Amino acid sequence: MTSRKDPKGRLLRQGEIYHTAKQTYMYSYTDIFGKRRYIYAKDLVTLRKKEDNLKRDQMDGIDAYLAGTADLNYIFDRYLSARSDLRETTKANYEATYDRYVRETIGKRKLSDLKYSQILLFYTGLITEKNLHIGTIQYIQRLIRPALQMAVRDDIIRTNPADGAIHIVKQKTQCGEGQTRHALTLEQQRAFINYIKDNPHYERWYPLFVVLVGTGVRVGELVGLRWKDVDFDKREIHINHSLTYFAGKKNKSPCKWVISEPKTESGYRTIPMINPVYEALIDEKNKQKTKGLRCHTEIDGMTGFIFYNRFFEVYVPESINREITRIIENYNNKEEVAALRQKRKVVLLPPISCHHLRHTFCARLCEADIHIKVIQSIMGHKDIHTTLDIYSEVTDWKKQTSINEAFENMKLF
């Protein structure tokens, strides 16, 4: 049973109803499509606040009903389906990342309830509880924010609750050692490469890691590198494509590998070969020719890949990262014992990935005071700020080292 007056005798406005049996206030209205909608509240004050917000949304053309029923998952799927410009691999990566971290968590939250503080807490939780790198959080932000921005433009929500969230998270984590992807020091780099070269168990990996550390290529570019991309006469490596391993539920085709061209013009580049890279590739080419070995993988007619696994197929990028983890674990165990016996300082290696080695190559270029635009070109950075961030980190380290050396030489203390 409903009443035009509430239990306190207050006269209800047009559209307002008090449901005696449920002891609930209700306001009915007609949406822009002529369909009857309802909002509810336990008290009259709350109901009228909702009415005011509703009328404000209606004046601004906001679709309050959709905002109250649609969740973040709905708007993300809608956004991704509208991105016809995305490559198949890029879209699959977006979906995989979103499904892994967002869909079953904050993705279920209604748009009308989604607040800036909730997104901030969500990102912070991914770092503290899931131990995600700030770079992964930035990647997730690049999925969530544009989807919500589309909801703003579609007049579903008034403002974008993801705006500015990543900047606060970065400020909170910028002092955390584990949240910044640091390069190996020169001493660590030499220890890593020499251990691989001198260890019979890992020496077959030596050419691959020399190229990775000595060129700064991305891991997809590394596994996709072909002999025809290497100009031994000019001592140059030409980067014009990369390989993406495309498997799992999102893969609708029988082929697990996809060849991708660089997303931007900066991705097409020529990298000069330093002597260790040149020598490592010459030795690898001669070894394959002498033993009659070659990579058997063919992807869309593309053959002649330089590096291959024990099955003579191109490496899956994740397998290289797993090998790095094993190498570092074994190296550190032996280094601790050797340093103790030799009574010297121990040189341990931190946990790293292929991308840390790319970062390491960039750091060496910065330390050599090569012009920042040249570094950007070699690295294939679209945004100069990416290069500047690494340059700044190296500059800070060199500044501290220079001060220490100066004071040591002057014997002031």
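The values are calculated or read from the model by the stated rules, or taken from the named source; none is laboratory data. Model, not experiment: these values are computed from the prediction. FYI the Cβ positions are ideal-geometry reconstructions off the backbone, even for glycines, and counts take in every protein chain you see. Surface accessibility is based on the protein's heavy atoms, side chains included, excluding ligands, DNA and RNA. Shrake-Rupley method; radii C 1.70, N 1.55, O 1.52, S 1.80 Å.
Details
- Selection within segment 150-164 - open to solvent by 10 Å² or more (accessible area, probe 1.4 Å) and in contact (Cβ under 8 Å) with a residue 12 or more places away in the chain: Met150, Asp154, Asp155, Ile157, Arg158, Asn160, Pro161, Asp163, Gly164
- Per the listing Thr386, Thr325, Thr360, the residue uniquely closer than 18 Å to Ser242 by Cβ and assigned to a helix (DSSP H, G or I) is Thr386.
- Among the residues of segment 127-149, just one is touching a helix residue (DSSP H, G or I) at 6+ places or on another chain (Cβ under 7 Å), open to solvent by 10 Å² or more (accessible area, probe 1.4 Å) and more than 23 Å from Ile390 (Cβ to Cβ), namely Pro146.
- Residues (free of Cβ contacts under 8 Å to residues at least 40 places away in the same chain and in a helix (DSSP H, G or I)) located in segment 366-383: Cys366, Ile372, Lys373, Val374, Ile375
- Flag if Gly125 is at pLDDT 85 or above, of a type in the set (Gly, Ala, Ser) and in contact with a strand residue (DSSP E or B) (Cβ under 8 Å, 6 or more places away or on another chain): no
- With respect to the stated conditions, Asn309 fails to be surrounded by fewer than 17 Cβ atoms within 10 Å (Cβ to Cβ) and assigned to a helix (DSSP H, G or I).
- Residue in segment 243-266 that is of a type in the set (A, V, I, L, M), open to solvent by 20 Å² or more (accessible area, probe 1.4 Å) and at pLDDT 95 or above present: no
- Filtered residue count, segment 6-24, keeping only those that are surrounded by 13 or more Cβ atoms within 10 Å (Cβ to Cβ) and of a type in the set (Val, Ile, Thr): 2
- Ala162 vs. criteria in a loop (DSSP other than H, G, I, E, B) and in contact with a helix residue (DSSP H, G or I) (Cβ under 6 Å, 6 or more places away or on another chain): yes
- Subset of segment 137-149 that is under 14 Å from the mean Cα position of the chain (by Cα) and either in contact (Cβ under 8 Å) with a residue 24 or more places away in the chain or not in a helix (DSSP H, G or I) (or both) - its residue that is farthest from Ser353 (Cα to Cα): Ile144
- Some residue of segment 218-226 being open to solvent by less than 10 Å² (accessible area, probe 1.4 Å), in contact with a strand residue (DSSP E or B) (Cβ under 9 Å, 6 or more places away or on another chain), within 22 Å of Thr303 (Cα to Cα) and of a type in the set (D, E, K, R): no
- Selection within segment 274-306 - open to solvent by 40 Å² or more (accessible area, probe 1.4 Å) and charged (D, E, K, R): Glu279, Asp283, Lys285, Lys287, Lys289, Lys291, Arg294, Glu298, Asp300
- Those helices (runs of 4 or more DSSP H) of segment 44-111 in which at least 2 residues are at pLDDT below 90 and under 22 Å from the mean Cα position of the chain (by Cα), considering only elements entirely within it, cover 72-82, 88-101.
- Conditions (1) of a type in the set (D, E, K, R); (2) more than 19 Å from His182 (Cβ to Cβ); (3) modelled with pLDDT under 90: number failed by Lys399: (2)
- Out of Val347, Val314, one residue alone is in contact with a strand residue (DSSP E or B) (Cβ under 7 Å, 6 or more places away or on another chain), open to solvent by less than 60 Å² (accessible area, probe 1.4 Å), assigned to a loop (DSSP other than H, G, I, E, B) and of a type in the set (A, V, I, L, M). It is Val314.
- Only one entry of Ala280, Ala339 meets the criterion of being at pLDDT below 95 and on the phi < 0 side of the Ramachandran plot, and that entry is Ala339.
- Selected residue (only one of Lys91, Lys108 is free of Cβ contacts under 8 Å to residues at least 24 places away in the same chain and surrounded by fewer than 17 Cβ atoms within 10 Å (Cβ to Cβ)): Lys91
- Filter result for Leu186 (among the aliphatic types (A, V, I, L, M), within 30 Å of Phe305 (Cα to Cα) and exposed (fewer than 15 other Cβ atoms within 10 Å of the Cβ)): yes
- Taken over segment 210-226, the criterion of being part of a helix (DSSP H, G or I) and among the small types (Gly, Ala, Ser) is satisfied by Gly214, Gly220.
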